[in-house]
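Below is one structure, written out as structure tokens; comments come after it.
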Amino acid sequence: MIRFLAEYFGWLTDPSLVLMQLLSGIAGAMFLFLVASGLSLIFGVSRIVNFAHGSLYMFGAYFAYTWIRVLAGSPGQFWIMLILASLTVAVMGGVLEVIFVRRIYRADPIFQLLLTFAFVLVLSDIAKIFWGAEGKAVPKPGALAGSVKIFGAPFPTYLLLVVAAGLGVGLILWIVFYRTRWGRLVRAARHSRDMLAALGSDVPRLFTEVFMVGSGLAGLAGALVAPIVTAAPGMDASIIIEAFVVVVVGGLGSFLGAALASLLVAELKAFGTLVFPAISIVLAYLVMAVVLIFRPWGLFGRREE
Amino acid sequence: MTPVLEVGGIETFYGQSQVLFGVSLRVRPGEVLTLLGRNGAGKTTTLKSIMGLVQPRSGHIRYRGREIAGLPPHKISRRGIGYVPEDRIIFPDLTVWENLDVARRPPRRSVSEGVRWTEERVFDLFPQLRPLALRLGGTLSGGEQQMLAIARTLMGNPEFLLLDEPSEGLAPLVVQMLLEQLRKLKQTGLTILLSEQNLEFATRLSDRACVIVNGQIRYDGSMQELVANETLRRAFLAV
Ligand SMILES: Nc1ncnc2c1ncn2[C@@H]1O[C@H](COP(=O)(O)OP(=O)(O)OP(=O)(O)O)[C@@H](O)[C@H]1O
Ligand SMILES: [Mg+2]
């Protein structure tokens, strides 16, 4: 028994290791939150479960690579790249919405799933055509390449930026959603697009805007993660699964739920790796299964009438 | 007098099943025209067809002389037509003030300064809403929701109002209050197409009536004549 505990939980006696895992869990949660909140925003309004959301994240990473090369040498290139990569992916999402998605809002959900799944396949091939099958490395900005000491333990400075960006975007989202007219329109559209249209709002345009904002969030997450993981095929599948876990656990359409569930899933992964490296993601699925059994609408979601 | 709204022979379907069989009606400027009919006769479908929420398969709908059939609902709304649905559809997780705000539209040029709707003026008409401004729409009573639904539509500064069974499911006292408020609205010069089953309510508000039976207009004339003629009432209405 003691041997078992020592083998699997020995790390608990090392506070700096615990702190490190905690912090990298928080950083991981930020990527998940950016992706999941976009996914959730789009679903809340359009009722479309967008499988291609992970592909948009992957494109964010690839565009990070491309924009960095285009901008090479210009001052503040990393920051400009973040903005341009997000915007590029936002435009991509907008184009997909205008050309394809808006035709199927009233279709059977199975057709909606088929369409967004088709996007996944097509987009992954397009990415391979443009960027090849090799991973593309994106350099960290010079100032953030090192590490800082937190309670004596070294922690990558770049992850601090990620945490700051996640919190910043979360705050902006909250303000936009609850304190601006656009946010009010989005919340109204989640309840009844027909009523909102009958009151004179250009609902088709609003849907396109929502798609662009949601996609832009995925793009930002992809661009932010690129310097850590390199942009490569397969990014789309791994993030979308975790994002779905987050959204199911947190409750579709709830920002707070997405934030807390991201934290939960990312910390489970971070600490799970220390205990049972091989099955750390399984822990997240277990949580999801439990939530689905006892609160199918998620921890913070609203029960459908 | 040229009608504000002219509906000519519209046929509307839900999938394969036809609900409206050539409905025609004309609403004159400044009047309240009541569309009477039993449950399932097609009142709501007529209003939804006008609003563009369902598309009639044939027939025409002219508003101020221009065809509006086929336009999306937001464009029809922006022409000056307001719609208050039967089921009210208050946005439940928006506050009362937010419900009003999402419906805010600048008035068309034809609307004079004096009749522009603002929260203040809407709260003057429905004083019971004023203290509820920060409450969530989903927590209001049925009567409050009905008033908010009308108030919200007014925020778009409509010149023509489609009102679907406003008195439905409300306590008699609330119906009384609503009646007074709608009369005030009528006095502002607003043209109203009202759908009702409550003959008494309709009589107190409107001048003319159309009776719809199984998707066809079977009476089109004065309200008094309809009320006075018992055989007519017996034949078409459950009263
Ligand atoms: N979405 C729909 N799909 C199929 N049939 C419908 C739909 N909505 C209404 N109907 C049918 O169309 C007919 C007319 O309905 P409508 O709602 O227009 O009647 P109504 O006069 O407004 O009735 P009520 O007084 O009950 O509101 C009814 O037979 C109804 O069952
Ligand atoms: Mg009806």
- Message: Using each residue's phi in the range B:48-64, evaluate 6.51 cos²θ - 1.76 cosθ + 1.60 at θ = phi - 60° and report the 3J(HN,Hα) Karplus result to the nearest Hz, with x for Gly and Pro.
- Response: 5, 5, 5, 7, x, 7, 10, 9, x, 7, 8, x, 10, 10, 10, 10, 6
- Mean residue ellipticity (222 nm) of chain B, computed from DSSP H runs ≥ 4 via -39,500 (n - 2.57), nearest 500: -9000 deg cm²/dmol
- Could you work out the local net charge near B:Cys210, counting Lys and Arg as +1, Asp and Glu as -1, over the other residues with Cβ closer than 10 Å to its Cβ? +3
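Which loop-located trypsin sites (Lys or Arg not before Pro) does the range B:1-98 contain, where loop means any DSSP state but H, G, I, E or B and the Cβ has at most 15 other Cβ atoms within 10 Å?
Details: sites: B:Arg26, B:Arg38, B:Lys43, B:Lys48, B:Arg57, B:Arg62, B:Arg64, B:Arg66, B:Lys75, B:Arg78, B:Arg79, B:Arg88; in loops: B:Arg38, B:Arg57, B:Arg64, B:Arg79, B:Arg88.
Within the range B:1-98, the qualifying trypsin sites (Lys or Arg not before Pro) (loop, at most 15 other Cβ atoms within 10 Å) are B:Arg57.
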- Message: How large a share of the accessible area of the range A:227-272, in percent, is made up of carbon and sulfur atoms when the probe is 1.4 Å and the other protein chains stay in place?
- Response: 79
- Note on the structure: Along the range B:203-209, Karplus-curve 3J(HN,Hα) (6.51, -1.76, 1.60; θ = phi - 60°) to the nearest Hz, with x for Gly and Pro, reads 4, 6, 10, 10, 9, 10, 9
- Note on the structure: Computed on Cα atoms, the radius of gyration and Dmax of the range A:133-230 in angstrom are 19.1, 60
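Let a ≥ b ≥ c be the square roots of the eigenvalues of the Cα gyration tensor of the range B:1-116; is it rounded (a/c under 1.5), or, if not, prolate (a/b larger than b/c) or oblate? Mind showing how you got there, number by number?
Details: a/c = 1.87, a/b = 1.27, b/c = 1.47.
The shape class here is oblate.
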- Note on the structure: Once amide hydrogens are built 1.01 Å from N within the peptide plane, the residues lying 5 or more places from B:Leu35 or on another chain with amide H under 5 Å from its amide H are B:Leu194, B:Ser195, B:Glu196, B:Cys210
- Task: Give the angle, between 0 and 90 degrees and rounded to the nearest 10, that separates the Cα long axis of helix B:172-187 from the longest principal axis of the Cα atoms of chain B.
- Result: 90
- Query: By how many degrees, 0 to 90 and rounded to 10, does the Cα axis of helix A:157-179 deviate from the longest principal axis of chain A?
  - Reply: 30
- Message: Nearest 10 degrees is fine. How inclined is helix A:77-99 to the longest principal axis of chain A, computing both from alpha carbons?
- Response: 40
- Query: Which residue, chosen from A:Leu263, A:Gly251, A:Ile228, occupies the Cα position most advanced towards the positive end of the dipole of the range A:178-276, where the dipole is computed from +1 (Lys, Arg) and -1 (Asp, Glu) charges on Cβ about the Cα centre?
  - Reply: A:Gly251
- Mean shadow area of the protein assembly as shown over all directions, Cα convex hull, nm²: 31.6
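Could you pull out the longest piece of chain A with no exposed loop trypsin sites (Lys or Arg not before Pro) in it, calling a site exposed if DSSP puts it outside H, G, I, E, B and it has at most 10 other Cβ atoms within 10 Å?
A:107-302
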- Eligible lysines near A:Lys128 by straight Cα distance, threshold 24 Å, same-chain separation 8 or greater: A:Lys136, A:Lys140
- Student exercise, chain B dipole from Lys, Arg, Asp, Glu Cβ charges, in Debye to nearest 20: 680
- Task: Please give the net charge around B:Trp97, taking every other residue with its beta carbon less than 12 angstrom from that of B:Trp97, where Lys and Arg add +1 and Asp and Glu add -1.
- Result: +2
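The values are calculated or read from the model by the stated rules, or taken from the named source; none is laboratory data. Bear in mind the structure is a predicted one, so any value in this text is a computation, not a measurement. Don't worry about glycine lacking a Cβ; one is built from the backbone with ideal geometry, like all the others, and counts go over all protein chains shown. These accessible areas exclude ligands, DNA and RNA; they are computed on the full protein's heavy atoms, side chains included. Shrake-Rupley method; radii C 1.70, N 1.55, O 1.52, S 1.80 Å.
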